[in-house]
Amino acid sequence: MIRFENVGLRYGMGPEILRDVTFNIERQSFQFLTGPSGAGKTSLIRLLFMSLRPTRGLIHVFNRDMATINNKELPELRRRVGVVFQDFRLLDHLTTYENVALPLRVLGKEEAEYRSDVIELLKWVGLGERMHVLPPVLSGGEKQRAAIARALITRPDLLLADEPTGNVDPPLARRLLRLFIELNRLGTSVVIATHDITLLEQVEARRMVLADGRLSVFD
Amino acid sequence: MAPKTPTRPPDAGPAADAPANPSPARAPSVELGTARPGTRPEKRTPKGKAADPVTKTGKMADAARAAGDFASRMSLPKPRLPQRLKRKDQQAGGDRLRPSAPIVPPQSVAGRALTLVVAIMSYLACLTVGSVSVVWDAAQDWSNDLVREVTIQIRPADGVDMLLQIENAVTITQRFAGVGTVRAMSDEETKALLQPWLGSGLDLDTLPVPRLVQVTVDDPSALDLAGLKQRIEQDVKGASLDDHSVWTSRLAAMAGAVVAGGFGILALVLFSMVLSVVFATRAAVASNRDVVSVLHFVGAEDGFIAREFQRHFLVLGLRGGIAGGVFACICFLLLEMFTRQTAGLAGSDQMSALFGPVAVSTPGYLGVIGVVFLVAVLTALTSGLAVKSQLARID
């Protein structure tokens, strides 16, 4: 589904953040992306999400060479990837329901078409009672679940989660991890970027470790 | 690395739910750690084809129902399939949602400031349109009044009977089509005209004072003015015909200059408003960077984002434009009331003599409505272009 071959990345004239990164992400796979802070996890996530282009190397996204993808084609490909950011990035003036429904609004769907699905998904992630609430009122865990629901509402092929447990307590981190596992069971490939060792210890899954800009993969 | 089965977490739901569906806590022992490209292909999107989010979302909802035990582990109400219809009934009341809020936040300090700027610019533009309308109407009135009046001047000369010449001129003029009344000004009227310069008690016989014949024109299109001029100058000694064309052309030139100046000011006001909107839009995009960023990563196209901002600024422009237009109309009405109330005062009479009744006509008010819509459309178009340009830089 996603294939990186000898990918390198540098910002401007600075040093290379990522060097000769090579890996595949298969369909319905589950992997952790880990490494120390500043190792380049977020940059790799941004490359996976096509918000950055590599300085060198080849990236194939959904069987398309990224070098040949123009800006007009990017939105359609991005819709196949759900992203959960550490800082949630919920829009504060929209309710939880409206935030989760945002990707469907962007697709031009009428609210009557998606209302029941959004409500059902919100109930599934445990926000059924909080759908009318604005994000500033939500707790960290609720925001995280809202962000996950927003990433999932269009049923993406790939879910990228950048430090999804960075702002939550250990019990909630375990709940979120189970949520990701269940999503993977339902057919979504999952990449979780984290340096939370306790999270890694809970599930034995493929680990991609970034150190000094180089990636090691442990299947 | 072989997948291992994680231990059951302490906050897991009741064990009675576990057999209903595969437990996600046990899932990694079966599912995780290895890629399965061929697994459950019916749930996947075919390669190279766009995802169908509605169908997929429906599947997600079905899957959510199947994952009822997972929800129960999270201490959540367990979604049950048979209750779906009941839930839809409940949604009508219990899950009642507010109308979807606009994606670009409607209220912000920058938005209010820009509304005020647009309102002021619209007000100035509407004032300009109203002033141009008043001057234009006055110029039309001046031209019409002058064209409907012609003056014959007969200069005194030695051996010429002035009264005979006047009578001759009146007779000739009355024969022409389109002419209304022909009236020779009496001695008293002539004295009254000269009184400010020559004083009272003037004896017209002792001075070579020209005499005037006032001709009113009923139908300017029927009157052969050139023919009348030729006949008068040929048959009446010392006579000349003044059709006020020099004065009319000067007035027309002045009115044209005022109108052109008004349109110039209008163009400058609109141009400065466009510039204000460009800067305000850039500020708005910058202050809504998080909105743009979120829209980007949920897969919104640049056109969609630009349209959202454009809609926002169209509403803003309409609000500002209507506020400015209404305030300008109130000013016009107050000015009209003021000039009516002060009728008879010296200054007011001077103003009325020059401009007629100082009132904005219907075309002036229509112009104000046009300015309001022009301002709104310009605001929306300008913001759309500015947003697209900003997005191009972000990409």
Open item on the list: Between a residue in the range B:146-174 that is surrounded by 14 or more Cβ atoms within 10 Å (Cβ to Cβ) and any residue that is part of a helix (DSSP H, G or I) and among the aromatic types (Phe, Trp, Tyr), which pairs come within a Cβ distance under 9 Å, given they are 6 or more apart or on different chains?
Closed with: B:Leu146/B:Trp247
Task: Output for the range A:76-85, where each listed residue is under 17 Å from A:Ile59 (Cα atoms) and of a type outside the set (D, E, K, R) - done: A:Leu77, A:Val81
- [ ] With the condition kept exactly as written, say whether any residue in the range A:35-50 is under 30 Å from A:Ala205 (Cα atoms), more than 12 Å from chain B (Cβ to nearest Cβ), over 16 Å from the mean Cα position of the chain (by Cα) and not in a loop (DSSP other than H, G, I, E, B).
- [x] no
TODO: Counting only residues that are surrounded by fewer than 17 Cβ atoms within 10 Å (Cβ to Cβ) and either modelled with pLDDT of 85 or more or in contact with a strand residue (DSSP E or B) (Cβ under 6 Å, 6 or more places away or on another chain) (or both), give me the helices (runs of 4 or more DSSP H) lying completely in the range B:291-395 with at least 2 of them.
DONE: B:302-341, B:362-394
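So that you can scan it fast, the table gives a plain yes or no per residue for (1) in contact with a strand residue (DSSP E or B) (Cβ under 9 Å, 6 or more places away or on another chain); (2) of a type in the set (Val, Ile, Thr); (3) under 17 Å from A:Leu160 (Cβ atoms):
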{"site": "A:Gly8", "(1), (2), (3)": "yes, no, no"}
{"site": "A:Val21", "(1), (2), (3)": "yes, yes, yes"}
{"site": "A:Phe32", "(1), (2), (3)": "yes, no, yes"}
{"site": "A:Gly35", "(1), (2), (3)": "yes, no, yes"}
{"site": "A:Ala67", "(1), (2), (3)": "yes, no, no"}
{"site": "A:Glu73", "(1), (2), (3)": "yes, no, no"}
{"site": "A:Leu77", "(1), (2), (3)": "yes, no, yes"}
Open item on the list: I'm trying to understand the selection: among the residues of the range A:78-136, which are at the interface with another protein chain (Cβ under 7 Å from one of its Cβ atoms) and assigned to a strand (DSSP E or B)?
Closed with: A:Val83
Task: When residues of the range B:175-198 are limited to those that are touching a residue at least 12 places away in the same chain (Cβ under 8 Å) and among the charged types (D, E, K, R), the one farthest from B:Ser221 (Cα to Cα) - done: B:Lys191
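The values are calculated or read from the model by the stated rules, or taken from the named source; none is laboratory data. Note that the structure is a prediction, hence the values are computed from the model and not measured. All Cβ positions, glycine included, derive from the backbone under ideal geometry; neighbour counts span all protein chains shown.
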